[in-house]
Amino acid sequence: QKDSNYPTATGCGCLWESGSSSSEKYPTWQPRMQFALAFIVAVGAAPLSAPAKTKGATPLMRSSMRRHNLAARASFFNKNNENQDAAHTNGHHNYGPGHKFGAPVTSRIANRRPLTRVRADKEYEGKKLAELFAGNKKWSEDMMTTNRPLMEFLGGTQEPKLMWIGCADSRVPESMITGMNPGEIFTIRNVANQAQISDNAVNSAIQFGVLALGVEDIMVCGHYGCGGAKASLTNQDFGAPLEQWIGPIRDVYRTHREYLDGLPEADRLNALIELNTVEQCLNVLRTAPVQQKRAETAKQPGGPIPRVHAVVYDPATGLLKDMNVDTDKLFATYKDLYDLKIEA
């Protein structure tokens, strides 16, 4: 309110400000105020509630009725207000409130997917879910027939001795390719089998597996043809969060660039995958839970646990390759950098 003699009026979400002289700057403020007040009175006398539920009316139809009701009332007052900006008011009821691009309601409704398409999608989703549940039922029946004691045991607890840090790739199902039963592998899977020090999901799983479950071996498994490693070999910006996630693989390439650049291009990707797998083993050994457990078990027969192994899976043959990396010896090379001062 700039001048107490000329109040600011609002109506339909619009603002009319008064100046030092209403007759000079805003000659139509009084008719506009009258329009706003009359509109409020009319709406107050007959609230814009949902109309009576006509038989067969859908929520969309009732919403349309409300909009047309509002438009009719606005039109009535427009006819009695020659000074009112017709182009402005006529546009109010055509557009959805607060719509970013001001698209007409009718246009947005027309652009919705056809109902038949929605039904087809739902039918497809229902069919796929039905297949999943049918497969699960058969698997459950087979397990209850052939291995009921195991299922009853798993209903109460788990005692895995192996932790698996692998890629989220659908071609690398750890229990299937190792012939293990449910409950025998504690699993962490993500893009390119990363054990990034900054990732809370990975580190909390390592902490739980090592300190709570007492896993004795941690297997970091890469796989040939990994899409995450392949993406890191390009200069393409994949955007967050994928770009940040594959960044450490680019760092592995930088560290071993002379060796990798000397390889034939056809062999470069798989060589990077192997090097990245070894790098993730070092990241596992750097974590506080692993170092704590290894310090506590350093003097026991068989050496400290958990032991960390680097392996690579070949989807083309279904075979795992042991990289035969002495991770303890490798970590000792960087002991002065990464070894934490933990009391046994």
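The values are calculated or read from the model by the stated rules, or taken from the named source; none is laboratory data. Here the structure is a predicted model, which is why all the values come from computation and not from measurement. FYI the Cβ positions are ideal-geometry reconstructions off the backbone, even for glycines, and counts take in every protein chain you see.
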Tell me which of these Ala212 doesn't satisfy, since it passes every other one: (1) within 29 Å of Ser140 (Cα to Cα); (2) in contact (Cβ under 8 Å) with a residue 12 or more places away in the chain; (3) aliphatic (A, V, I, L, M).
-> (2)
For region 242-258, pairs from a residue that is assigned by TED's automatic domain parsing to the domain that holds Asn283 to a residue that is of a type in the set (Val, Ile, Thr), with Cβ under 8 Å and 6 or more apart or across chains, are Leu242/Val191; Trp245/Val191; Ile246/Val191
Residue among Ser170, Ser175, Ser204 that alone is surrounded by 14 or more Cβ atoms within 10 Å (Cβ to Cβ), among the hydroxyl-bearing types (Ser, Thr, Tyr) and in the same structural domain as Lys293 (by TED's automatic domain parsing) | Ser175
If you go through Ala271, Ala310, the only one that is among the small types (Gly, Ala, Ser) and closer than 19 Å to Ile218 by Cβ is Ala310
Out of all the residues in region 225-243, which are surrounded by fewer than 17 Cβ atoms within 10 Å (Cβ to Cβ) and either more than 27 Å from Ile185 (Cβ to Cβ) or in contact with a Phe, Trp or Tyr (Cβ under 9 Å, 6 or more places away or on another chain) (or both)?
-> Leu233, Thr234, Asn235, Gln236, Asp237, Phe238, Gly239, Ala240, Glu243
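Tally up the residues in region 303-323 that are surrounded by 13 or more Cβ atoms within 10 Å (Cβ to Cβ) and either at pLDDT below 95 or of a type in the set (A, V, I, L, M, F, W, C) (or both), please.
Looking only at region 303-323, we keep the residues that are surrounded by 13 or more Cβ atoms within 10 Å (Cβ to Cβ), and these are 304-315, 320-321, 323.
Now restrict to residues that are either at pLDDT below 95 or of a type in the set (A, V, I, L, M, F, W, C) (or both): 304-305, 308, 310-312, 320, 323.
Going through region 303-323 one residue at a time, the tally reaches 8.
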What number of residues in region 230-270 are within 30 Å of Pro304 (Cβ to Cβ) and part of a helix (DSSP H, G or I)?
-> 5
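Does Pro289 satisfy being part of a loop (DSSP other than H, G, I, E, B), within 16 Å of Met163 (Cβ to Cβ) and not basic (Lys, Arg)?
On the way: part of a loop (DSSP other than H, G, I, E, B): no; within 16 Å of Met163 (Cβ to Cβ): yes; not basic (Lys, Arg): yes.
No, not satisfied.
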All but one of (1) under 34 Å from the mean Cα position of the chain (by Cα); (2) part of a helix (DSSP H, G or I); (3) charged (D, E, K, R) hold for Lys329; which doesn't?
-> (1)
Read through the list (1) farther than 20 Å from Pro306 by Cα; (2) without any contact (Cβ under 8 Å) to a residue 40 or more places away in the chain, then give the number of the only condition that Arg189 fails.
-> (1)
Report whether or not Thr255 is more than 22 Å from Thr333 (Cβ to Cβ), among the hydroxyl-bearing types (Ser, Thr, Tyr) and surrounded by fewer than 19 Cβ atoms within 10 Å (Cβ to Cβ).
-> no
Number of positions in region 289-302 that are touching a helix residue (DSSP H, G or I) at 6+ places or on another chain (Cβ under 8 Å) and either surrounded by fewer than 16 Cβ atoms within 10 Å (Cβ to Cβ) or not assigned by TED's automatic domain parsing to the domain that holds Ala212 (or both) = 0
